[in-house]
1. Report D for the chain in µm² per second (integer): Stokes-Einstein, Kirkwood Rh on Cα pairs, 4 °C, 1.567 mPa s.
2. Which residue, Leu117, Leu130, Leu60, has the most motion in a Gaussian network model of the chain that connects Cα atoms within less than 10 Å?
3. Give the Rg (one decimal place) followed by the Dmax (whole number) of region 108-178, computed from C-alpha coordinates and expressed in Å.
4. Using the Cα atoms of region 156-265, I'd like the radius of gyration and the largest Cα-Cα distance, Dmax, both in angstrom.
5. What is the distance in Å between the Cα centroid of region 134-185 and that of region 18-78?
Amino acid sequence: MTTPTPRPTRFVRPPPPPLDSDCALFLDIDGTIADLAQSPDAVHIDDAIAAALPRLARWLGGALALVTGRTITSADRLFPGLALPMAGQHGWERRDAAGGIHLHAPARRTQARLRRLLQRLAKRHPQLLLEDKGASLALHYRGAPHLAAHVHRTVRQSVAMEEGYFVQPGKLLLEVRPEGSDKGTAIDAFMAEDPFAGRVPVFVGDDLTDEHGFAAVERLGGWTVKVGAGRTAARFRLAEPAAVHQWLMAPLVARCALIGGPGAR
Ligand SMILES: [Mg+2]
């Protein structure tokens, strides 16, 4: 019996080219520059990447922003003292390069109804973890993957009855989010401002919500990098956060070797 030749997958992607100092760099956090953990609070940031981010930001003329599903407050806790430009809650909140905060208007009543529903569900199944971010709510079922179908069905049915909110699936989580903002709208907003405007946008992300960012960056003629396996619109792929670290640090290492010494900037 002959072994059939495996067909190449439609989603094979090459690694990205080396970063350039003319780029505007947008980075997701969880699953992209940090390994996923059992809960968002348990995520650890590697010391080397924490030290590299401010150096990278200087090399890019300040054009480095974090684009995350976390709240800005939660992400700031991971990078103490750094205060990089950032889009939190998938673009619902944004801190520009000058430190200005931009928020989308919340639909408070709808938000309160959906919060109560998710709280009831999490109370009934203690293995579920409800992450209340304010504007968006994430229900993590990493601790109870067998509940996935039940969680999806219950949450989708309830959100379908509400206006202005939608369900965003993620890695072992389901997120209920307000419409009108996503990682793509956040990147578009950064790209209209200094010091991002006029640069080539590069977005690196690992999850379904990052596909909005990939679409925006493709429209702007930039580079899109998917981390890990899975179907994607991104052009390039890196296998895991460790590979992202290596790629991000390569220009700093090269520059250091050229100038001579680890303290070189
Ligand atoms: Mg992620």
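1. Translational diffusion coefficient: 67 µm²/s.
2. Leu117
3. Rg and Dmax of region 108-178, Cα atoms, are 10.9, 32 Å.
4. Expressed in Å, the Cα Rg and Dmax of region 156-265 come to 17.6, 62.
5. 24
We did not get these values from a lab; they are worked out from the coordinates using the rules stated. Keep in mind that what you see is a predicted model, and the values were worked out from it rather than measured.
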